[in-house]
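The values are calculated or read from the model by the stated rules, or taken from the named source; none is laboratory data. Remember, it's a predicted structure, so these values are computed and weren't measured experimentally. Using ideal geometry, Cβ is built from the backbone for each residue, glycine included, and neighbour counts are taken over all protein chains shown. For accessibility, only protein heavy atoms count, side chains too; no ligands or nucleic acids. Shrake-Rupley method; radii C 1.70, N 1.55, O 1.52, S 1.80 Å.
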Amino acid sequence: MSGAICLARACALAVLLVCATAQAASNLLIWPIDPILAHDDQATQLWIENQGNEPATMQVRVVRWRQEQGVERYSAQQDVVASPPIVRVNQGSKQLVRLIRQAPTPAGQEWAYRVVVDEIPQPQADGKQQVGIRLQMRYSIPLFTYGQGVATRRNGESHVDTDPNKLAWRIVNEQGRPMLQVSNSGDVHVRLSKVQLGGRTLADGLLGYVLPGSERRWELPAAAATASRLTASINAPADIWQSAPSR
């Protein structure tokens, strides 16, 4: 299935129930992995499909996403809500969750959220012994909303174009550790992937996002601390961003 994430291949939280082997409670897909709400959208769709052998119960929440002092920050909000917030997905079936806008995004602005999908562990049937580690799955999916005047598109690898001229990077020292700091003074986020610094590959796939008016930091290997050239694939018409460090 195009654009789907396999939820059984990774986890953010493991709950130890007994010992021995690890067991994934279900095999789930979620899509799209890049939902947006354009300025005239009141809702968008998120699908959860269960390809496993057991039913799954999922909690879906939407949190506000900010970046402060180079790190990710999340907070409760009611601008966008998930309906229904808890879904049961039987084996071999799929469930629609609507992401509903309850407050407008200001004109000319992009607001960022994370859709947090948590798997609620299923109770064990009477007399059925639990063996191993049961994995509680958590996935965090980016959601962007837009105000009037921000150009977006429904299809393609990205829904909005960043301006490479609004991006800058430099290497900073944080408690004795070299860090790559990328700043974005533009109006929309930048998505960084296939990142190379001084010829050294930092990420073959996605490195991360830098939100508008924000900065983000990633720890570097010591050998990359003196690099003078960064190359990355970004959500822009030219696709590639190449730049020397800012001063």
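Per-structure values
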{"item": "Label-point separation, SER185 to SER228 (7 Å along Cα→Cβ), nm", "result": "2.4 nm"}
{"item": "Sequence of LYS194, LYS166 from largest to smallest accessible area, 1.4 Å probe", "result": "LYS194, LYS166"}
{"item": "Under 5 Å, built H, 5+ apart or other chain: amide partners of LEU202", "result": "VAL195, GLN196, LEU197"}
{"item": "Residue-normalised accessible area of segment 101-247, given per residue in Å² at a 1.4 Å probe", "result": "51 Å²"}
{"item": "FRET efficiency, 1/(1 + (r/R0)^6) with R0 22 Å, evaluated for ARG88 and GLN136 via beta carbons", "result": "0.90"}
{"item": "Heavy-atom accessible surface of segment 64-114: percent carbon and sulfur, 1.4 Å", "result": "48 percent"}
{"item": "Pair GLU174, VAL81: separation of 7 Å Cα→Cβ label points (nm)", "result": "3.5 nm"}
{"item": "For segment 173-231: rounded, prolate or oblate by the Cα gyration tensor [a/c cutoff 1.5]", "result": "oblate"}
